Amino acid sequence: MLFITMCATAHAQSWLTPLQNFTPTQSTLHLRRHAEPEKPFTVAGECGAFMGQQDGQFEAWLFPVKVLSHMQIQAQVEGYDVPIDVNAHATEIDVEPDHTTITYSHIAFTLRETFFATQCGPQDTAKASTGAMAVFTLDSIRPTTLTFSFTPDVKPMWPAPQLGQTDAEWIPLKPHAPNALTAPGWYMLHTDWPELSAAVAMPGTLPGILPPYQERPKFYPTQLILHYDPKADRGKAYPLLMAVGRTREAGSRASLEAALGEENAQALRLYQQTTDYYAHFFDTRMTVDTPDAAFNDDFRWATISIDQLRVRHGNETGLVAGFYSSGDSARPGFGWFFGRDSLYTTYAINSYGDFALTRTELEFLIARQRADGKMPHEYSQTAESVDWASTPYEYAAADSTPLFLMAMEDYVNASGDTVFLEKNWPAVEKAWEFERTHDTDGDGIFDNSQGTGWVESWMPKMPHQEIYLALLDEQASGAMGRLSQRMQKSDMASQATERAKSIAAKIPQEYTQQKGMYAFSYNGKEGVDNAATIYPAVAWWDGHSGLSQTDEMFARWASDEFSTDWGTRDVGNQEAIYDPISYHQGSVWPLFTGWTSVAEYRTGRSLSGYAHLMQTANLTTAQDLGAMTELLSGDFFTPFGRSTSHQLWSSAMVVIPAVRGLFGVTLDAASHTITVDPRLPAQWDHAALHNLRLGDQQIDLRFERVAGGWQVRAEGTGGKSVTLKSTVADAKLVASGALEVPTPAMEVGMDYGADAVLPLPGGRTAMLKVLRQEAGPRSLTLLLEAQGSSTQTLFLRQRERRGRLNVEGGAVSPEGKLAVHFPAGDGYVRQQVTLRW
């Protein structure tokens with residue numbers, strides 16, 4: 001319903017004016033593409049976000065309220081008597097850290113729509129809040145009228161009660177002037193709840209359809225109409241202003257009007273604040289510098305994408321799991337606070353050095369730890385508005401508790417912050433007590449009786465104990481042992497360490513192998529479920545654990561049974577339960593691909609590890625530009641229609657395998673030690689980690705290829721000593737203080753750039769796979785898989801050219817490349833190649 005008011009408003013002469021000199025900054029980090037109408041975009045900040053499609057339709061949130069949605073634009077150009085669907089003319093999208101701009105191009109005009117999230121203002125429940133802004137800049141050859149049509153939602157995020165139809169009230173700025181009903185003003189958006197209302201405005205706009213009360217009830221869009229004269233208005237920019245009030249006082253007309261006026265007056269400053277934040281973002285966060293410029297940018301986008309999922313919640317800040325348009329619902333993707341999502345992601349945050357963010361997230365979760373020690377799984381942005389404890393969501397999953405113990409150790413290792421550990425030791429002890437005492441079958445391993453492990457549905461029925469959860473229990477027990485040792489609690493340290501050893505011994509006994517694969521689940525007297533899955537890959541997550549007799553399992557993960565060109569499936573495609581469009585039985589998740597890449601790097605399978613890392617990194621530009629999607633089809637290169645397009649832990653799976661796998665970095669701030677086991681591509685001759693954080697030190701770690709391998713040097717240590725070491729055999733410190741790490745005598749490199757890895761949308765898997773990689777003293781054997789009758793070319797680097805190079809299964813070209821021709825056959829076929837020298 002639309003209605004108007006004739007009440008006077010304050011500041012009618014002075015507020016809501018177009019912006020002058022609004023020019024978005026141009027960053028060296030940007031993604032500029034032709035707009036693809038059905039692909040999503042996200043612009044997110046702590047207090048607000050836009051989510052939409054690249055044709056410019058969007059919804060706007062001022063957390064935790066969806067203010068409006070279904071925004072569409074129509075144009076009417078003087079002397080060009082046809083209505084123009086502006087969204088259909090979206091031609092370009094430019095994504096930068098501080099803003100996203102969509103450009104609409106027509107022969108008579110160009111319209112640019114720039115979105116940005118503003119920095120949160122001071123907390124004040126008596127004042128309306130803001131958090132996101134869109135700015136429109138029009139250049140037209142003739143007078144043009146733009147009509148902005150939208151649905152006024154004012155819906156609090158689910159599960160808060162929905163409050164009926166929102167009413168839009170037009171409030172003219174000069175209510176007593178002639179033609180006041182068609183004069184500039186703003187919309188106040190009313191709900192049936194007096195504690196919740198919102199406001200929307202754009203300087204210089206008029207209302208659209210204002211049906212009289214006598215008219216038959218019918219849906220009419222809420223509209224803002226802008227008349228633009230190029231002679232008078234060229235150079236002006238028109239901000240879409242929004243505010244929301246969640247108390248009677250904050251939602252009052254005076255409060256909303258004041259918020260709109262302040263937002264309008266400070267629009268340029270608000271944008272500059274956002275720009276400044278990102279201009280200095282990498283002053284204290286790690287970046288990578290490698291010969292692969294696209295990968296360097298993907299790494300930076302991953303860190304930004306993670307940071308943009310911080311959301312303020314009262315006086316706290318937490319990480320939400322991801323954003324995606326909500327449509328007609330009231331949850332924008334996974335826009336809640338998720339325990340396991342954020343705990344996996346802290347490994348990335350610690351890797352790029354934002355220790356304050358990890359602390360904030362751990363504190364957020366600790367504040368919601370259950371009395372018996374269990375850590376939370378989900379917490380809605382509107383949890384306080386309902387009886388959240390009575391819902392099944394908060395503690396639905398079991399894995400947040402072991403992950404909390406593991407994440408706490410990882411944070412302390414990287415930061416050296418034992419003060420934080422001491423302060424929160426009671427929470428650590430409670431989590432440990434819950435972990436070690438909830439074993440329903442007496443085998444001494446945490447099981448699914450305390451919530452789901454990984455899968456939330458399974459055929460033919462839900463498991464009793466997943467190997468995924470058992471492996472986390474083992475690693476959490478080891479982490480608790482080491483944390484207890486730091487706290488000088490020797491009895492607890494011994495108990496936890498012994499438990500880790502006991503679980504490690506039992507897993508191979510209970511999760512028996514079939515065709516080289518560890519079982520998916522152990523179900524007591526019912527035996528095991530031998531479905532071939534990716535979940536055992538989590539065994540190598542923290543670097544302290546692993547599984548034995550795994551050659552065949554890794555080969556199957558690297559093969560087309562599991563590995564697509566865009567990541568790994570969670571269930572092998574030969575399983576009876578395999579379904580490429582299911583959530584848990586065959587889809588591809590960047591998360592699983594990250595687990596697999598880390599495991600491959602830690603076990604010497606660097607070629608497949610690199611392939612999986614790059615498959616994830618290349619998704620940075622595949623859908624929601626600069627962000628990473630949640631899941632994709634197991635058969636076709638296409639994200640799910642409901643895949644959360646800006647997903648937290650998906651971005652984390654660029655950072656973690658890169659830092660801990662590709663560069664092989666392990667941090668121990670307490671001893672000022674960096675362990676470096678580089679597995680860099682054969683083609684690279686240099687690389688660097690800038691602003692690597694080790695405790696309170698900020699270090700540049702430089703890698704230079706020398707005759708014997710990699711020379712690693714720590715620079716910018718601030719005069720403090722830093723010890724470099726490696727677990728690679730024969731690594732040594734040289735007189736200059738650098739660490740020299742030998743490389744294999746023969747290295748093979750493969751092209752995993754974006755053009756080589758990602759198929760066209762809808763394509764199937766076709767790229768070369770490396771199933772086995774076995775190095776001997778003077779030999780290298782590769783088991784490869786590729787399309788039948790294809791010829792694949794690999795880069796070769798030989799450290800010492802002594803004697804003749806003999807090749808079985810391939811040939812070396814005069815340029816030194818290895819060519820492998822695969823036998824005829826449908827689909828993938830295998831070829832073994834052995835090089836001897």
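The values are calculated or read from the model by the stated rules, or taken from the named source; none is laboratory data. It should be emphasised that the depicted structure is a prediction, and the values quoted were computed from it without experimental measurement. Quick reminder, even Gly has a Cβ in these numbers, built from the backbone with ideal geometry, and neighbours come from all protein chains shown. In case anyone asks, the SASA skips ligands and DNA or RNA and just uses the protein heavy atoms, side chains included. Shrake-Rupley method; radii C 1.70, N 1.55, O 1.52, S 1.80 Å.
Here are the numbers for the structure shown:
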| quantity | calculated |
| --- | --- |
| Per-region count, the range 396-419, residues assigned to a helix (DSSP H, G or I) and crowded, with 18+ Cβ neighbours inside 10 Å | 16 |
| Near pairs, Cβ below 8 angstrom, 6+ apart or cross-chain, from the range 202-218 (surrounded by 21 or more Cβ atoms within 10 Å (Cβ to Cβ) and of a type in the set (Val, Ile, Thr)) to any residue that is part of a loop (DSSP other than H, G, I, E, B) and modelled with pLDDT under 95 | 205/184 |
| Among (1) under 31 Å from the mean Cα position of the chain (by Cα); (2) open to solvent by 10 Å² or more (accessible area, probe 1.4 Å), the one test that residue 460 misses | (1) |
| Residues satisfying the stated conditions in the range 514-530, i.e. open to solvent by 10 Å² or more (accessible area, probe 1.4 Å), touching a residue at least 12 places away in the same chain (Cβ under 8 Å) and part of a loop (DSSP other than H, G, I, E, B) | 515, 516, 523, 530 |
| Answer from 648, 591 - the residue that is over 30 Å from residue 503 (Cα atoms), within 16 Å of the chain's Cα centre (by Cα) and buried (at least 24 other Cβ atoms within 10 Å of the Cβ) | 648 |
| Single condition residue 141 does not satisfy, out of (1) open to solvent by less than 10 Å² (accessible area, probe 1.4 Å); (2) touching a residue at least 60 places away in the same chain (Cβ under 8 Å); (3) within 22 Å of residue 204 (Cα to Cα) | (1) |
| Residues being outside any loop (DSSP other than H, G, I, E, B) and either open to solvent by 40 Å² or more (accessible area, probe 1.4 Å) or on the phi > 0 side of the Ramachandran plot (or both) - total across the range 219-241 | 4 |
| Residues being surrounded by fewer than 24 Cβ atoms within 10 Å (Cβ to Cβ) and either of a type in the set (Val, Ile, Thr) or at positive phi (or both) - total across the range 89-129 | 8 |
| Residue in the range 170-185 that is under 25 Å from residue 309 (Cα atoms), open to solvent by 50 Å² or more (accessible area, probe 1.4 Å), in contact (Cβ under 8 Å) with a residue 24 or more places away in the chain and not in a strand (DSSP E or B) present | no |
| Search result, residues across the range 685-704 that are surrounded by 17 or more Cβ atoms within 10 Å (Cβ to Cβ) and either in contact (Cβ under 8 Å) with a residue 60 or more places away in the chain or within 24 Å of residue 612 (Cβ to Cβ) (or both) | 687, 688, 689, 690, 691, 692, 693, 694, 695, 698, 701, 703 |
| Residue under evaluation residue 634, criteria (1) closer than 20 Å to residue 334 by Cα; (2) part of a loop (DSSP other than H, G, I, E, B), criterion not met | (1) |
| Test set (1) without any contact (Cβ under 8 Å) to a residue 60 or more places away in the chain; (2) assigned to a loop (DSSP other than H, G, I, E, B); (3) among the hydrophobic types (A, V, I, L, M, F, W, C) - residue 712 fails condition number | (2) |
| Enumeration of residues in the range 445-495 that are among the polar types (S, T, N, Q), outside any helix (DSSP H, G or I) and over 30 Å from residue 585 (Cβ atoms) | 488 |
| Residues of the range 433-444 satisfying the condition of being within 20 Å of residue 396 (Cβ to Cβ) and either assigned to a loop (DSSP other than H, G, I, E, B) or open to solvent by 60 Å² or more (accessible area, probe 1.4 Å) (or both) | 437, 438, 439, 440 |
| Pair list, Cβ < 7 Å and 6+ apart or interchain, from the range 356-368 residues that are of a type in the set (Val, Ile, Thr) and open to solvent by 10 Å² or more (accessible area, probe 1.4 Å) to residues that are modelled with pLDDT of 95 or more and outside any helix (DSSP H, G or I) | 360/317; 366/424 |
| Candidate set: the range 302-343, residues that are aromatic (Phe, Trp, Tyr) and under 20 Å from residue 362 (Cβ atoms); chosen: the one surrounded by the fewest Cβ atoms within 10 Å (Cβ to Cβ) | 334 |
| Any chance residue 639 is under 16 Å from the mean Cα position of the chain (by Cα) and open to solvent by 10 Å² or more (accessible area, probe 1.4 Å) | yes |
| Count of the range 20-51 residues which are over 17 Å from residue 102 (Cβ atoms), open to solvent by 10 Å² or more (accessible area, probe 1.4 Å) and assigned to a strand (DSSP E or B) | 1 |
| Hits in the range 468-492 (condition: farther than 24 Å from residue 508 by Cα and buried (at least 24 other Cβ atoms within 10 Å of the Cβ)) | 483 |
| Residue check for residue 740: modelled with pLDDT of 95 or more, open to solvent by less than 80 Å² (accessible area, probe 1.4 Å) and of a type in the set (Asp, Glu) | yes |
| The range 86-105 residues that are closer than 18 Å to residue 269 by Cα, paired with ones that are open to solvent by 10 Å² or more (accessible area, probe 1.4 Å) and among the hydrophobic types (A, V, I, L, M, F, W, C) (beta carbon under 6 Å, 6 or more apart) | 100/43 |
| Tally of residues being within 21 Å of residue 134 (Cβ to Cβ), in a helix (DSSP H, G or I) and open to solvent by less than 40 Å² (accessible area, probe 1.4 Å) across the range 242-291 | 13 |
| Residue under evaluation residue 544, criteria (1) under 26 Å from the mean Cα position of the chain (by Cα); (2) surrounded by fewer than 20 Cβ atoms within 10 Å (Cβ to Cβ); (3) not in a loop (DSSP other than H, G, I, E, B), criterion not met | (3) |
| Leading residue by the ranking (modelled with the lowest pLDDT) among those in the range 418-467 that are of a type in the set (Gly, Ala, Ser) and under 25 Å from residue 506 (Cα atoms) | 442 |
| Which listed residue, of 555, 576, 599, is more than 21 Å from the chain's Cα centre (by Cα) and open to solvent by less than 10 Å² (accessible area, probe 1.4 Å) | 555 |
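Residues are listed down the side, and each one gets a yes or a no for (1) assigned to a strand (DSSP E or B); (2) under 30 Å from residue 565 (Cα atoms); (3) not β-branched (Val, Ile, Thr):
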| position | (1), (2), (3) |
| --- | --- |
| 675 | yes, no, no |
| 680 | no, yes, yes |
| 691 | yes, no, yes |
| 699 | yes, no, no |
| 727 | no, no, no |
| 735 | no, no, yes |
| 748 | yes, yes, no |
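Conditions (1) out of contact with any helix residue (DSSP H, G or I) (no Cβ under 7 Å at 6 or more places or on another chain); (2) under 23 Å from residue 781 (Cα atoms), marked per residue:
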| site | (1), (2) |
| --- | --- |
| 497 | no, no |
| 505 | yes, no |
| 508 | yes, no |
| 511 | no, no |
| 519 | no, no |
| 542 | no, no |
| 553 | no, yes |
